[in-house]
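*Asks:* Have a look at this one before I ask anything.
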Amino acid sequence: MTDPHADLVFTGGPVHCLDAARSQSSALAVRDGRIVALGVGATAAVGPKTEIVDLAGRALLPGFQDAHVHAVFGGLELGQCDLSGTTDLGEYRRLIKVYADAHPQVEWILGGGWSMESFPGGVPTAELLDDVTGGRPAFFFNRDHHGAWVNSAALRRAGIDRGTPDPAHGVINRDADGHPVGALQEGAVSLVADIAPKATAADRLTGLLRAQELLHSLGITAWQDAMLSATNGYPDVTDAYCTAAERDLLTADVVGALWWDRDRGAEQIPELTARRDLLRIGRLDASTVKIMQDGVAENFTAGMTVPYRDSCGHATANRGLSFVDPLKLREYVTALDALDFQVHFHALGDRAVREALDAIAAARAANGFRDTRPHLAHLQVVHPSDVARFAQLGATANLQALWAAHEPQMDELTIPFLGGGLAGHQYPFGDLHRAGARLAAGSDWPVSSPNPLLGIHTAVNRRTLGSTAPAFRPGQSIDAHTAFAAYTSGSAYVNRRDDTGTLAVGHRADLVVLDRDPFAVAVDEIGRCTVDLTFVDGRVVFSR
């Protein structure tokens with residue numbers, strides 16, 4: 001006879017279900033990895049072998065899910081020269097020298113995490129690296145991974161000089177005489193990345209497990225990796241996920257987004273279908289295709305409807321990039337949708353957002369409204385005329401909320417260069433929510449912090465934790481419940497994990513215990529909440 005008692009009961013603190021009704025309970029019971037009761041029914045399920053978790057006033061919520069993260073890349077960078085903890089140039093140089101001195105055996109100095117705001121015009125130079133890298137080639141991705149900082153030895157090793165042409169979809173930053181200065185943008189990154197030492201399979205697995213440990217410590221129980229298999233200058237990390245899934249080392253459910261090779265066309269679709277079939281292993285499901293439609297605003301490659309301005313405020317001829325021809329994009333997305341692929345777009349500029357929505361509209365017209373759950377990530381600039389289309393087309397708005405704040409990268413490298421009022425259309429979370437769009441949330445780590453509570457804090461306050469800057473477009477803030485729901489039920493929807501994301505009987509016991517009730521503190525204190533416990537299927541995967 002099956003034991004009717006619970007394996008685990010949480011009591012003594014608020015239980016926030018984060019459902020549409022904004023339900024709250026006083027207790028929750030778990031048996032065999034599933035939620036079996038809430039409230040009085042949960043306390044009645046206590047038996048002689050039940051483990052009782054006394055919340056002691058702490059809050060219980062559904063586990064967070066990150067709908068756009070690069071976990072293996074982030075884990076690898078944590079094991080390299082990590083510059084993400086500062087924006088001070090002097091500190092970058094100190095960290096690089098310390099790392100170089102501590103690793104005399106490595107042929108290349110590798111790392112990442114620098115910020116464009118640390119350099120005039122967002123462009124670093126090789127000479128700033130040369131004297132701290134000891135003559136060895138050095139390569140550092142910037143935080144958004146759309147650019148790289150390299151030293152003179154790396155430029156020489158790659159054969160990059162005044163006569164080297166800019167590659168397709170890329171820029172080699174140059175001085176007034178045309179000489180490379182040591183910064184590479186978009187497609188030009190691969191000129192050095194392709195010759196730098198590659199991480200081994202063991203390195204990638206270690207990076208994934210390192211990332212998983214960090215993400216669990218932040219209450220994250222599942223995620224969508226936005227670049228599972230890659231090309232266009234990015235490495236393939238598929239083997240790390242396969243090995244972890246096969247060896248039962250994955251303790252989170254992972255949706256892998258298969259990379260769309262923008263240098264090819266529809267001929268790659270059968271290959272993607274075959275990979276999807278192969279990559280359904282344990283907790284891994286590679287059922288999504290990631291299409292990177294544009295770049296980023298700071299290096300003027302995000303696709304905009306209005307030309308960028310130059311440093312004097314004059315209009316240029318540059319409207320950014322569309323990596324995939326917009327008409328072809330409609331064809332490709334329609335074909336992928338017909339094969340039940342979810343499509344995950346990188347769409348940052350308003351033109352790229354429109355092109356992605358147009359592609360979804362074409363798929364809906366051709367195939368009907370299939371349950372493929374397309375989503376658009378980043379959404380830095382959304383034209384007002386496109387806001388309502390998200391709900392109309394069933395396209396989820398995937399928010400990276402930490403970016404919606406006044407910071408030097410926004411105030412010095414973005415706003416002055418956006419033309420035609422586009423600066424006033426940035427990160428319209430409030431408008432999207434009011435128009436009925438489904439919201440999901442992700443971090444884009446290692447581009448920015450993977451901590452969901454910091455993203456939620458910024459979505460609500462429109463400023464980062466501890467910032468004294470004015471709120472950034474405060475009319476676009478969303479309330480705390482909506483922000484938490486984006487990181488739970490919204491991302492669960494995107495990840496097709498419909499029995500997670502809210503606390504309900506029958507749902508999986510993917511849970512997070514916070515050190516305090518985030519709905520009882522002042523909104524400008526939300527980011528100070530911390531994670532005490534994380535559970536996946538009712539099992540502890542993190543305990544502070």
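The values are calculated or read from the model by the stated rules, or taken from the named source; none is laboratory data. The structure displayed is predicted, hence computed values, not measured ones. When we count neighbours, we look across all protein chains shown, and the Cβ atoms used for this are built from the backbone with ideal geometry, even at glycine.
*Asks:* Going through the stretch 251-264 one residue at a time, which ones are surrounded by 14 or more Cβ atoms within 10 Å (Cβ to Cβ), over 19 Å from Ala240 (Cα atoms) and not acidic (Asp, Glu)? Give the derivation first.
*Replies:* The initial filter retains those residues of the stretch 251-264 that are surrounded by 14 or more Cβ atoms within 10 Å (Cβ to Cβ), namely 251-262.
Adding the requirement that they be over 19 Å from Ala240 (Cα atoms) leaves 260-262.
If the condition is that a residue be surrounded by 14 or more Cβ atoms within 10 Å (Cβ to Cβ), over 19 Å from Ala240 (Cα atoms) and not acidic (Asp, Glu), then Trp260, Arg262 are the ones that fit.
*Asks:* Does Pro450 fit the bill of being closer than 22 Å to Leu348 by Cα, at pLDDT below 95 and part of a loop (DSSP other than H, G, I, E, B)?
*Replies:* Values: closer than 22 Å to Leu348 by Cα: yes; at pLDDT below 95: no; part of a loop (DSSP other than H, G, I, E, B): yes.
Taking the combined requirement at face value, the residue does not satisfy it.
*Asks:* Please give the number of the condition Gly219 fails out of (1) outside the structural domain of Ala148 (by TED's automatic domain parsing); (2) at pLDDT below 95; (3) of a type outside the set (Lys, Arg).
*Replies:* Here Gly219 clears every test but (2).
*Asks:* On to the next question. Only residues that are surrounded by fewer than 17 Cβ atoms within 10 Å (Cβ to Cβ) and among the acidic types (Asp, Glu): list them for the stretch 515-544, please.
*Replies:* Result: Asp515, Asp524, Glu525.
*Asks:* Based on this model, can you work out whether Ala435 counts as touching a residue at least 12 places away in the same chain (Cβ under 8 Å) and surrounded by fewer than 22 Cβ atoms within 10 Å (Cβ to Cβ)?
*Replies:* Values: touching a residue at least 12 places away in the same chain (Cβ under 8 Å): yes; surrounded by fewer than 22 Cβ atoms within 10 Å (Cβ to Cβ): yes.
For Ala435, the condition - touching a residue at least 12 places away in the same chain (Cβ under 8 Å) and surrounded by fewer than 22 Cβ atoms within 10 Å (Cβ to Cβ) - is met.
*Asks:* Suppose we filter Leu258, Leu249, Leu327, Leu272 for residues that are in a strand (DSSP E or B), farther than 30 Å from Gly121 by Cα and either hydrophobic (A, V, I, L, M, F, W, C) or free of Cβ contacts under 8 Å to residues at least 40 places away in the same chain (or both); which single one remains? Write out each step before concluding.
*Replies:* On the way: Leu249 fails: in a strand (DSSP E or B); Leu327 fails: in a strand (DSSP E or B); Leu272 fails: in a strand (DSSP E or B).
Exactly one of Leu258, Leu249, Leu327, Leu272 is in a strand (DSSP E or B), farther than 30 Å from Gly121 by Cα and either hydrophobic (A, V, I, L, M, F, W, C) or free of Cβ contacts under 8 Å to residues at least 40 places away in the same chain (or both), namely Leu258.
*Asks:* Based on what the data block shows, is Gly282 in the same structural domain as Asp444 (by TED's automatic domain parsing), touching an Asp or Glu at 6+ places or on another chain (Cβ under 7 Å), at pLDDT 95 or above and not polar (S, T, N, Q)?
*Replies:* Yes.
*Asks:* If you don't mind, there's one more thing I want to ask. Has the stretch 482-503 got at least one residue that is within 21 Å of Ala405 (Cβ to Cβ) and surrounded by fewer than 21 Cβ atoms within 10 Å (Cβ to Cβ)?
*Replies:* The answer is yes, given that some residue of the stretch 482-503 is within 21 Å of Ala405 (Cβ to Cβ) and surrounded by fewer than 21 Cβ atoms within 10 Å (Cβ to Cβ).
*Asks:* For Tyr234, all conditions in the list (1) modelled with pLDDT under 95; (2) under 22 Å from Asp82 (Cβ atoms); (3) surrounded by 19 or more Cβ atoms within 10 Å (Cβ to Cβ); (4) outside the structural domain of Pro137 (by TED's automatic domain parsing) hold save one; what is the number of the exception?
*Replies:* (3)
*Asks:* Hey, another quick one. Could you run through the stretch 435-449 and say how many residues are touching a helix residue (DSSP H, G or I) at 6+ places or on another chain (Cβ under 8 Å) and either farther than 27 Å from Gly113 by Cα or not hydroxyl-bearing (Ser, Thr, Tyr) (or both)?
*Replies:* Total meeting the criteria: 10.
*Asks:* Tell me, yes or no, whether the stretch 141-152 has at least one residue that is charged (D, E, K, R), touching a residue at least 24 places away in the same chain (Cβ under 8 Å), under 22 Å from Gly79 (Cβ atoms) and touching a Gly at 6+ places or on another chain (Cβ under 8 Å).
*Replies:* Residues of the stretch 141-152 charged (D, E, K, R): 143-144.
Okay, now just the ones that are also touching a residue at least 24 places away in the same chain (Cβ under 8 Å), so 143-144.
With the extra rule that they be under 22 Å from Gly79 (Cβ atoms), the set shrinks to 143-144.
Keeping just the survivors that are touching a Gly at 6+ places or on another chain (Cβ under 8 Å) gives 143.
Looking for residues that are charged (D, E, K, R), touching a residue at least 24 places away in the same chain (Cβ under 8 Å), under 22 Å from Gly79 (Cβ atoms) and touching a Gly at 6+ places or on another chain (Cβ under 8 Å), one finds at least one in the stretch 141-152, hence yes.
*Asks:* When the residues of the stretch 160-184 are filtered to those that are within 19 Å of Gly112 (Cβ to Cβ) and small (Gly, Ala, Ser), which remaining residue is surrounded by the fewest Cβ atoms within 10 Å (Cβ to Cβ)?
*Replies:* If we take residues in the stretch 160-184 being within 19 Å of Gly112 (Cβ to Cβ) and small (Gly, Ala, Ser), then Gly170 is surrounded by the fewest Cβ atoms within 10 Å (Cβ to Cβ).
*Asks:* Kindly evaluate Thr530 against the criterion of being among the hydroxyl-bearing types (Ser, Thr, Tyr) and in contact with an Asp or Glu (Cβ under 7 Å, 6 or more places away or on another chain).
*Replies:* Answer is yes for this residue.
*Asks:* Can I ask one more? Going through the stretch 361-390 one residue at a time, which ones are under 22 Å from the mean Cα position of the chain (by Cα), hydrophobic (A, V, I, L, M, F, W, C) and surrounded by fewer than 24 Cβ atoms within 10 Å (Cβ to Cβ)?
*Replies:* Val387
*Asks:* Which of the numbered conditions does Pro124 fail, given that it passes all the others? Conditions: (1) touching a Pro at 6+ places or on another chain (Cβ under 8 Å); (2) of a type outside the set (S, T, N, Q); (3) under 23 Å from Leu76 (Cα atoms).
*Replies:* Condition not satisfied by Pro124: (1).
*Asks:* To continue, here is another question. So which residues in the stretch 371-401 are farther than 12 Å from Phe429 by Cβ and among the aliphatic types (A, V, I, L, M), if there are any at all?
*Replies:* Correct list: Leu376, Ala377, Val381, Ala388, Ala391, Leu393, Ala395.
*Asks:* In the stretch 237-268, what count of residues is obtained for those that are among the charged types (D, E, K, R) and either under 17 Å from the mean Cα position of the chain (by Cα) or not assigned by TED's automatic domain parsing to the domain that holds Gln342 (or both)?
*Replies:* Of the residues in the stretch 237-268, 1 are among the charged types (D, E, K, R) and either under 17 Å from the mean Cα position of the chain (by Cα) or not assigned by TED's automatic domain parsing to the domain that holds Gln342 (or both).
Quick grid of which residues meet (1) in the same structural domain as Phe300 (by TED's automatic domain parsing); (2) at pLDDT 95 or above; (3) touching a helix residue (DSSP H, G or I) at 6+ places or on another chain (Cβ under 8 Å); (4) not in a loop (DSSP other than H, G, I, E, B):
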{"residue": "Arg94", "(1), (2), (3), (4)": "no, yes, no, yes"}
{"residue": "Val98", "(1), (2), (3), (4)": "no, yes, no, yes"}
{"residue": "Val132", "(1), (2), (3), (4)": "no, yes, yes, no"}
{"residue": "Asp144", "(1), (2), (3), (4)": "no, no, yes, no"}
{"residue": "Trp149", "(1), (2), (3), (4)": "no, yes, yes, yes"}
{"residue": "Ala153", "(1), (2), (3), (4)": "no, yes, yes, yes"}
{"residue": "Ile160", "(1), (2), (3), (4)": "no, yes, yes, no"}
{"residue": "Pro167", "(1), (2), (3), (4)": "no, no, yes, no"}
{"residue": "Val171", "(1), (2), (3), (4)": "no, no, yes, yes"}
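*Asks:* Scan the stretch 339-357 residue by residue and report those that are farther than 28 Å from Ala274 by Cβ and either surrounded by fewer than 21 Cβ atoms within 10 Å (Cβ to Cβ) or of a type in the set (Val, Ile, Thr) (or both).
*Replies:* Restricting attention to the stretch 339-357, the residues satisfying the condition of being farther than 28 Å from Ala274 by Cβ are 348-354, 357.
Within the stretch 339-357, Val353, Arg354 meet the criteria.
*Asks:* When the residues of the stretch 1-30 are narrowed to those that are assigned to a loop (DSSP other than H, G, I, E, B) and small (Gly, Ala, Ser), which ends up nearest to Phe535 (Cα to Cα)?
*Replies:* Selected residue: Ala6.
*Asks:* While we're on this one: Check Ala42, Ala67 and return the single one that is in contact with a strand residue (DSSP E or B) (Cβ under 7 Å, 6 or more places away or on another chain) and in a helix (DSSP H, G or I).
*Replies:* Only one candidate passes the filter, namely Ala42.
*Asks:* For Pro307, which of the numbered conditions (1) outside any loop (DSSP other than H, G, I, E, B); (2) modelled with pLDDT of 95 or more fails to hold?
*Replies:* The one condition Pro307 does not meet is (1).
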